[in-house]
1. Using DSSP, restrict attention to beta bridges with both residues in the chain and report what percent are antiparallel, rounded to the nearest 5.
2. Which shape class, rounded, prolate or oblate, goes with the chain when its Cα gyration tensor gives a ≥ b ≥ c as root eigenvalues, a/c under 1.5 marks rounded, and past that a/b bigger than b/c marks prolate?
3. Given a cut-off of under 8 Å on Cα pairs at least six residues apart, what relative contact order in percent is computed for the chain?
4. Comparing L29, L158, L90, which has the greatest mean-square fluctuation in the GNM of the chain with Cα pairs linked when under 10 Å apart?
5. How much length is gained if the chain between A111 and R63 is pulled fully straight, taking 0.36 nm per residue apart and subtracting their Cα-Cα distance, in nm to one decimal?
6. Return the FRET efficiency for the residue pair R152, E48: r is the Cβ-Cβ distance, R0 is 30 Å, and the value is rounded to the nearest 0.05.
7. Nearest 20 debye, what's the magnitude of the dipole of region 3-187 about its Cα centre given +1 on Lys and Arg Cβ and -1 on Asp and Glu Cβ?
8. Per-residue HN-Hα couplings for region 20-33, Karplus 6.51 cos²θ - 1.76 cosθ + 1.60 at θ = phi - 60°, whole Hz, x for Gly and Pro?
Amino acid sequence: MSENATLGASVVIPTRDRPADLARVLASLAAQRTDRPFEVIVVDDGSEPPIDPALLDGLERARIVRGLGRGPAIARNAGIAAAVSDTVLLTDDDTELAPEWVEAASAFLEANPESVGVEGPVSSPAWDPLYEHSLENDQPGAYWTCNIAYRRATLTTLGGFLEDFPTPHCEDLDLAYRALALGPIGFSE
């Protein structure tokens, strides 16, 4: 049996210079309630100093891929290239994931073979000091990379994220709109 057949999901997290935020998302991954084995790929996109591998302690299958500081789209593509599962879950380094996140995304894609991906709800504090606004979504159609999963075959067919965006903005929407040409992106609470 191949390794990708034994892993339920590959989680990809790009990061740069935010170890405290990264520690929080990694802790939420360590607390996932699922029987599915999953891997975590942290793409350190040029952090100074580089991300300390000790942050991955507590996660059975986790590793760091070193990026070159060229932005989140390129970093996500590096993580996708390193992923071994047929299901790739994307999130951000400033996210705290629900304990059922890995299970919900994986189960949805298993139960809905026509779907190329699945997204879920997003809620941030009333004021997000990083982006100077808050995020809220409880319905389909946002396609934010903080809470979305795709089939690996979809990402491969599309060539992943377009890497020529001048700034890290809307590369997630672009990918989703291209994916929708291949099939629906579902929504799971």
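Read-outs: derived from the displayed coordinates by stated rules, not from any lab. Computed from a prediction, not measured in an experiment: that's the story for all the values here. No Cβ is skipped: glycine too gets one built from the backbone with ideal geometry, and neighbour counts run over all protein chains shown.
1. Percentage antiparallel, nearest 5: 35.
2. On the way: a/c = 1.25, a/b = 1.12, b/c = 1.12.
Rounded is the answer for the chain, as its axis ratio a/c remains below 1.5.
3. Values: 367 pairs, mean separation 45.4, N = 189.
Relative CO of the chain lands at 24 percent.
4. Of the options given, L158 has the highest mean-square fluctuation.
5. Value of the extension gain: 14.4 nm.
6. Working: r = 32 Å, r/R0 = 1.05.
Efficiency, from the Cβ-Cβ distance: 0.45.
7. Approximately 460 debye in magnitude.
8. Karplus values, whole Hz, x for Gly and Pro: 5, 5, 4, 4, 5, 5, 5, 5, 5, 6, 5, 9, 4, 9.
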